[in-house]
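Participant: A single structure is presented below for examination.
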Amino acid sequence: MVIDLSRSKRKWDHIQYALETGQKRLTGFDDIKFVNRSLPGSNLDSVKLQTEIGELSLSSPIFINAMTGGGGERTFRINRELAMAARETGLGIAVGSQMSAIRNPEERRTYEIVREMHPDGVILANLGSEASVEQARAAVEMIEANGLQIHLNAVQELTMPEGDRNFFGALERIAVIVQDVGVPVIVKEVGFGISAETASKLHAHGIRYIDVGGFGGTNFAEIENMRRDRLLTFFEDWGIPTAASIIETKSAVQDLSVIASGGIQTSLDIVKGLASGASAAAMAGSLLKILMEHGTEGLINEISLIKEEMAVIMTALGVHTIKELHQVPFVISGDTHHWLSQRGID
Ligand code: FNR
């Protein structure tokens, strides 16, 4: 079996360019301000970070989101270290797209190491919407996954010279996978955001978990443009900012578990995402950067700090649980207010 070098190279390019382009802080979270409570009536020692997303029970509401895959030694090591950090801090973790390992079994070790390192963790498998039910089952089996992410990335594909051009039938394929795969299926974007309309369509086809993957953090149009001659720069400013995407999605369908993601960098971003209606938050680019610059220990320290800070913020807001966060009042200003009011969401 021959390893597809162009695919391996692409995956390494993604990592390098993601680090280079960085996180833009255009998520809209800075437009959200909590209302101070001078009598919070809370106690830091009583704050609990446990959360449920549908059937999945998590000791903390943070996920390391899907990033690396492929057959290279470097991506293997990154996955091993991310999984170790997730284990040490009690986080869930999603692996990168497994399609290449389904086609080339020698690439499986890059994914299997995540389960090996984090044997009791909540681990999510990952495939694109071109996947069949058989491939979905194989991806879940490969890492004994607790859930399956299916990514939607039409704008990224269109920006990629070798990317897909035909998006027919994705919704129907996902609906069949949801019926048959036997674990929760989370549909996710990769940085362009899920809209109210998309959320409603997904819900009508049986999807109950959405990771909004909003605009404002890792920018795959920018990343793909670094890999091509003819630039599609108009896609670099394309997408629903994360804060607006969470609120759109939640307002369209109540009966959905939403994961806040896209440009999440800080404890305050996470708490704002949860207060906007998400049950958990997922981080990719910002954690990758910390891992590459400060190693596994540095990443573990940063995640531990984020969790401690979340508890402090929740104490200031007078809440002890993630569920209670959903009731906390906040004020939305600026572009996010403008966006939501034009979209008819109060
Ligand atoms: C990604 N992302 C991603 N998503 C996915 O569903 N399958 C994948 O294989 C990958 N691969 C990947 C590689 C690298 C290097 C990065 C940085 C990201 C997208 C990721 O899960 C997330 O949706 C976006 O990066 C937006 O979140 P952040 O990075 O702004 O926190």
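Participant: I need the semi-axes of the equivalent ellipsoid of the chain: take the C-alpha gyration tensor, multiply each eigenvalue by 5, square-root it, list largest first in whole angstrom.
Facilitator: On the way: eigenvalues 177, 104, 79 Å².
Square roots of five times the eigenvalues give 30, 23, 20 Å.
Participant: A further question on this structure: If you fit an axis through the alpha-carbon atoms of helix 5-21 and take the longest principal axis of the Cα set of the chain, what angle between them do you get, 0 to 90°, nearest 10?
Facilitator: Roughly 30 degrees, rounded to the nearest 10.
Participant: Using Cα atoms only, what is the angle between the long axis of helix 170-180 and the major principal axis of the chain, expressed in degrees (0 to 90) to the nearest 10?
Facilitator: For 170-180 against the chain, the angle is about 80 degrees.
Participant: I've got another one for you. Counting Lys and Arg as +1 and Asp and Glu as -1, what is the net charge of the other residues whose Cβ lies under 13 Å from the Cβ of LYS48?
Facilitator: Working: positive: LYS307, LYS323; negative: ASP45, GLU52, GLU324.
Here the charged neighbours net out to -1.
Participant: Using a Gaussian network model of the chain with C-alpha springs under 10 Å, which one of LEU19, LEU56, LEU317 is most mobile by mean-square fluctuation?
Facilitator: Maximum among the listed residues: LEU56.
Participant: Out of GLU236, GLU309, GLU55, any idea which swings most in a Gaussian network model of the chain, alpha carbons joined below 10 Å?
Facilitator: Ranking GLU236, GLU309, GLU55 by mean-square fluctuation puts GLU55 first.
Participant: Which of ILE207, ILE270, ILE102 comes first, and how do the rest follow, when ranked by fewest Cβ neighbours within 10 Å? Show your work: numbers first, answer last.
Facilitator: Values: ILE207 23, ILE270 27, ILE102 20.
Going from least to most buried by this count: ILE102, ILE207, ILE270.
Participant: Suppose a student asked you for the relative contact order of segment 1-76, using Cα pairs under 8 Å spaced at least 6 residues apart; what percent would you report? Before the final figure, lay out the partial values.
Facilitator: Details: 27 pairs, mean separation 27.9, N = 76.
It rounds to 37 percent for segment 1-76.
Participant: Taking the Cβ of ILE177 as the centre, find all other residues whose Cβ is under 12 Å away and add up their charges (Lys, Arg: +1; Asp, Glu: -1).
Facilitator: Once positives and negatives cancel, what remains is -2.
Participant: I need to check one value: relative contact order of the chain, counting alpha carbon pairs closer than 8 Å and at least 6 residues apart, in percent. Could the numbers behind the result be given before it?
Facilitator: Working: 714 pairs, mean separation 81.6, N = 346.
About 24 percent, as a whole number.
Participant: Which whole-number percent gives the relative contact order of segment 21-143, counting Cα pairs below 8 Å spaced six or more residues apart? Please report the intermediate quantities before stating the final value.
Facilitator: Details: 162 pairs, mean separation 26.5, N = 123.
Relative contact order here is 22 percent.
Participant: Given a Förster radius of 41 Å and the C-beta distance between THR296 and SER46 as r, what FRET efficiency does 1/(1 + (r/R0)^6) yield to the nearest 0.05?
Facilitator: Values: r = 31 Å, r/R0 = 0.76.
Given R0 = 41 Å and the Cβ-Cβ separation, E is 0.85.
Participant: Using the count of nearby Cβ atoms within 10 Å as a rough guide to exposure, how do VAL176, VAL258, VAL183 rank from fewest to most?
Facilitator: Details: VAL176 14, VAL258 27, VAL183 18.
Ascending Cβ contact count within 10 Å gives the list VAL176, VAL183, VAL258.
Participant: Next question. Could you please rank ASP211, ASP237, ASP335, placing first whichever residue has the fewest other Cβ atoms within 10 Å of its Cβ?
Facilitator: Details: ASP211 32, ASP237 11, ASP335 15.
The order, fewest Cβ neighbours first, is ASP237, ASP335, ASP211.
Participant: Quick one: net charge around GLN16, please, counting Lys, Arg +1 and Asp, Glu -1 for every other residue with C-beta under 14 Å from its C-beta. Write down the numbers at each step before the final one.
Facilitator: Values: positive: LYS9, ARG10, LYS11, ARG74, ARG227, LYS289; negative: ASP13, GLU20, GLU222, GLU224, GLU293.
With Lys, Arg at +1 and Asp, Glu at -1, the net is +1.
Participant: Related question: If one takes the longest principal axis of the Cα atoms in the chain, at what angle in degrees, from 0 to 90 and to the nearest 10, does the Cα axis of helix 73-89 lie?
Facilitator: The angle comes out near 30 degrees.
No lab work stands behind these numbers, since they all come straight from the coordinates. Quick caveat, the model's predicted, so the values are computed rather than measured. A quick note on method: Cβ atoms are made from the backbone with ideal geometry, for glycine too, and the neighbour counts reach across all protein chains shown.
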